[in-house]
Amino acid sequence: MAGHNTNVFRRLVFTFFGLILLLPFNSGSAASFFQSDTLYRRNPGTVTKKGPYRPERTKKSDILYTRLDVQFDWAKQQVPASAIVMFKAHFKPQNTLELDAKGFDIKSVSLLDTVGDYGSLNSEEIAAKITKKLNFTYEDKRKLIIKLDKDFTRNDTLFVKIDYVAKPNDVPRNKPDDSQTDKGLYFINADGLDEGKPRQIWTQGETEGSSCWFPTIDSPNQKFTQDIYITVDSTFKTLSNGLLISQKEGKKGMRTDHWKQSLPHAPYLTMMAVGDFVIAKDMMPNGMELSYYVEPKYGADAHAIFGRTPEMMGFFSNIFGVEYPWEKYAQVAVRDFVAGAMENTTATVHEEGVQNDARSLVDGNSDAIIAHELAHHWFGDYVTCEEWGQLPLNESFANYSEYLWSEYNDGKYEADWGNLQEMKSYLLESETKQVPMIRYFYKDRENMFDSHSYAKGGRILHMLRSYVGDDAFFASLKHYLRKNAFGTAEIDDLRTAFEQVTGEDLNWFFDQWFHRPGHPSLKIQQEYLANASKVVLKIKQAQDTLATTVYRLPVKVDVWVNGKKNQYNVVVDKVNQTLEFPATKKPDLVVFDSDAQLLAVVEHEKNRVEMEYQYQHSDRFLHKYDALSQLEGALTDTTVKNILEKAMDDPFWKFRQMAVSNFSEYAGAGFVDIEKKIQSLARKDPHPQVRSEAIITLASFGDNNSDSIFKEALTDSSYQVVSVAIEKYLMSQPNDASEIAAEFENSPNDAIVTSVANYYAGLAQPERFSWFLEKMKAMKPTDKYNFLQVFGKYLIKSKQDVQRQSIPVLEGLARDNSSYFVRFGAFQALGLLTDIQGVSALRKDIRAKETEPKLKEMYSQFGDL
């Protein structure tokens, strides 16, 4: 999953009035770990409770097959349904079947004849198969315990039928180990009164939401096949796991769609989606269908959004060594989704932001999230973590698959740029949270969906690949997948797969990276000893070695002397360690971890001359990036200035962007030529990020020499460039400002509308209030959050009567918006109005009644700000 329902942290980086948020063992070591204190360190001097021990859920019974017949009561937002469950005792004889079933009205439970193809029978035929009614108890409206009247062994296969009504809005809360927000099934705009929003139904099972809409053993270590019969209004399209077997028209404009999943998967991966979708299709060479479900307005753009999926599927099948194992692959975009995306078997659900017109895709596509969810169909769906504490077996691989696809499709520098962002995501989280990757102890399973399981896990796999080499890495993945196909796994299964392929004991690697919290913090002192003709590196592992460990770090070191590079393989494995390398003269440069693969904080001080050399001679993205970063703000040095000028022609766009940004507010030597160069980049650079940065830098000069370029950029192919150009052009209050603002105020692109809104906010015209509300209402959640910042600027400058009008609007967003970061943005905007009586009390009440764990954590961490 990308962006779990309580942790939409993947790449959702927002700024709000200066606040930056980043949303979006072997058995021996395990034994010693279990015997340790139930506390782990987060930061030096702080201690946090780990939570109880979390074993894999005991298997009393195994569900082999499930049939669901579902209808929908839109008015009540309920699901009248029946379920047929085929099961057997796992090992010991059983006289009951215990199912998770949250908040249902249970109508009846019946035992069925053990003979019959229950996937193909109609309701009358199923009714004829009932052999007896069964007694049951329903504990806390959460656990359905069916009494089977006699013992059944693992050699017996039974069928039970459960008639029920699921009430996802009435799931009992405040129970031990319960999610406070999961509903499993969601009605969107059920009454149709939200103008402009489609009516939809969709499900979200991870972690244990599936049992909010059908009875099951809601644990990732269960696997079953399924048939789902979905009865809907004939105007709707449906999607579910597996293949669409039939569609039968019924009475009063209703239709029943039969979806069949013939290969076993875990309960949390069962899904449905219902709505008004346009379906675009592709076909794989083997005849397998790929389909893309989007809202009608994006029908023409569906292939632009998802059209690289066939190549992705071929790529992953090749490098994983296992052909895509399922019957089809579909992707659907839905409204108000509670996660970034979800890898339901054969049918991924995306949040609405994946939908963009073809022009928007000039500024960036959703390939990372598309690759992430597709890769889960091997790592997560095909081989599933046996318990949520083993989640990195799902998410780390999906995260790293984003890197693999980018490396293949976009080049290594682009992949490494993404790798750096993931590294920063983990390191930011590590400032307040350091836990083992594999967690045998935790308070809340939802907290597994963090930057550890995702970003840190992907970086660990990158190190493992670097250590064993590509051939061994991908051969090990193939072995792991085939050995555990359609089953479950724990971290030792991955370790042994790598050991069996490589012939090498890797316990040390898995122990330090998967079983211990934290990361290395290395402080490196460099000294050249001329009389001994050698360079010395004194390395200190400065992390809290009691809380984590002393790491074993195989790395490469490059030593450049007289323009020639020598590379050395070393192992750092002590708290304090000295490395010596021959050097006939003082090195031009020494690069520790020359492959740039290490997950660590490294302090290795270098002077400006060394950084200049590093940028000019290194062939690794991270080393060149670090060098340019260190050279920032040194334009008074002629050599640095010349390097940054040359960097504006670097083949990689990020370096060109960094170089351009360095000249912000520049007024030094050669200004005229530099301005002309940046003007040229604003017009002609092939990457929109560079063109945008060039416009921002030109605006910082304040000389009005580039106003014509800003106006020219209003016709750029990139929405991002246009939005920046509008802001900078209107900033100078040109004579045609009102005409330009009016021309773009109804743009289909929210970023452009936000730029126009920024201009209107400065004017603070009362008559613009309704325009702000109208535009904000139609925006996607991420854009709405950003728009709230500008709306806040408008309110600050407005009169109090306008401010008062905004309070109920902001209150509604802060209490009821489906996206927690929009609720947070509205809460913050209300914070600008605390001079108005009652607003402070209102904010206090909003904060007290918030139920979203992540938002409650944010409120706690950031206070009232």
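Screening GLN526 against (1) under 22 Å from GLU431 (Cα atoms); (2) of a type outside the set (Lys, Arg); (3) not assigned by TED's automatic domain parsing to the domain that holds LYS50 leaves a single unmet condition, (1). Please determine whether any residue of the stretch 682-704 is part of a helix (DSSP H, G or I) and within 29 Å of ALA339 (Cα to Cα). Among the residues of the stretch 682-704, at least one is part of a helix (DSSP H, G or I) and within 29 Å of ALA339 (Cα to Cα), which makes the answer yes.
Residues are listed down the side, and each one gets a yes or a no for (1) aliphatic (A, V, I, L, M); (2) assigned to a strand (DSSP E or B); (3) more than 17 Å from GLY380 (Cβ to Cβ); (4) not assigned by TED's automatic domain parsing to the domain that holds ALA375:
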site: GLU311; (1), (2), (3), (4): no, no, yes, no
site: ILE319; (1), (2), (3), (4): yes, no, no, no
site: ALA330; (1), (2), (3), (4): yes, yes, no, no
site: PHE337; (1), (2), (3), (4): no, no, yes, no
site: ASN344; (1), (2), (3), (4): no, no, no, no
site: THR348; (1), (2), (3), (4): no, yes, no, no
site: ASN356; (1), (2), (3), (4): no, no, yes, no
site: VAL362; (1), (2), (3), (4): yes, no, yes, no
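Across the stretch 827-865, the number of residues qualifying as assigned to a helix (DSSP H, G or I) and either in contact with a Phe, Trp or Tyr (Cβ under 9 Å, 6 or more places away or on another chain) or surrounded by fewer than 20 Cβ atoms within 10 Å (Cβ to Cβ) (or both) comes to 25. If you go through the stretch 253-261 one residue at a time, do you hit one that is under 22 Å from the mean Cα position of the chain (by Cα) and buried (at least 16 other Cβ atoms within 10 Å of the Cβ)? For the stretch 253-261, residues under 22 Å from the mean Cα position of the chain (by Cα) and buried (at least 16 other Cβ atoms within 10 Å of the Cβ): absent. Residues in the stretch 419-454 that are surrounded by fewer than 19 Cβ atoms within 10 Å (Cβ to Cβ) and within 30 Å of GLN689 (Cα to Cα): LEU420, GLN421, LYS424, LEU427, LEU428, GLU431.
Here's the yes/no breakdown for (1) out of contact with any strand residue (DSSP E or B) (no Cβ under 7 Å at 6 or more places or on another chain); (2) modelled with pLDDT of 95 or more; (3) under 29 Å from LYS237 (Cβ atoms); (4) not in a strand (DSSP E or B):
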residue: ASP62; (1), (2), (3), (4): no, yes, no, no
residue: THR66; (1), (2), (3), (4): no, yes, yes, no
residue: ALA83; (1), (2), (3), (4): no, yes, yes, no
residue: PHE87; (1), (2), (3), (4): no, yes, no, no
residue: PHE91; (1), (2), (3), (4): yes, yes, no, yes
residue: THR96; (1), (2), (3), (4): no, yes, no, no
residue: LEU99; (1), (2), (3), (4): no, yes, no, no
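Anything in the stretch 571-588 that is closer than 17 Å to LYS556 by Cβ and in contact with a Ser or Thr (Cβ under 8 Å, 6 or more places away or on another chain)? List them, or say none. Correct list: PRO582, ALA583.
Hey, any hits in the stretch 220-231 for a residue that's out of contact with any Ser or Thr (no Cβ under 6 Å at 6 or more places or on another chain), in a loop (DSSP other than H, G, I, E, B) and outside the structural domain of GLN331 (by TED's automatic domain parsing)? Scanning the stretch 220-231 turns up at least one residue that is out of contact with any Ser or Thr (no Cβ under 6 Å at 6 or more places or on another chain), in a loop (DSSP other than H, G, I, E, B) and outside the structural domain of GLN331 (by TED's automatic domain parsing).
Candidates are the residues of the stretch 519-538 that are in a strand (DSSP E or B) and among the hydroxyl-bearing types (Ser, Thr, Tyr); the one that is farthest from VAL591 (Cα to Cα) is SER521. Read through the list (1) at pLDDT below 95; (2) buried (at least 17 other Cβ atoms within 10 Å of the Cβ), then give the number of the only condition that ILE491 fails. Failing condition for ILE491: (1).
Filtering the stretch 115-129 to residues that are surrounded by 14 or more Cβ atoms within 10 Å (Cβ to Cβ) and not charged (D, E, K, R) leaves GLY116, TYR118, GLY119, LEU121, ILE126. With a requirement of 2 or more residues that are on the phi < 0 side of the Ramachandran plot and surrounded by fewer than 19 Cβ atoms within 10 Å (Cβ to Cβ), the strands (runs of 3 or more DSSP E) lying completely within the stretch 539-654 that satisfy it span 553-561, 564-572, 576-582, 601-604. In summary, ARG516 fulfils each of the numbered conditions (1) part of a strand (DSSP E or B); (2) within 29 Å of GLU490 (Cβ to Cβ); (3) not hydrophobic (A, V, I, L, M, F, W, C) with the single exception of condition (1). Restricting the first member to the stretch 503-524 and to residues that are closer than 15 Å to GLN541 by Cα, and the second to residues that are among the basic types (Lys, Arg) and not in a loop (DSSP other than H, G, I, E, B), the beta-carbon pairs closer than 6 Å and six or more apart or on different chains are LYS523/LYS540. In the stretch 716-733, the residue that is surrounded by the most Cβ atoms within 10 Å (Cβ to Cβ) out of those that are small (Gly, Ala, Ser) and outside any helix (DSSP H, G or I) is SER718.
The values are calculated or read from the model by the stated rules, or taken from the named source; none is laboratory data. Just so you know, these numbers come straight off a predicted model, no measurement behind them. We place every Cβ from the backbone using ideal geometry, glycine too, and count neighbours over all the protein chains shown.
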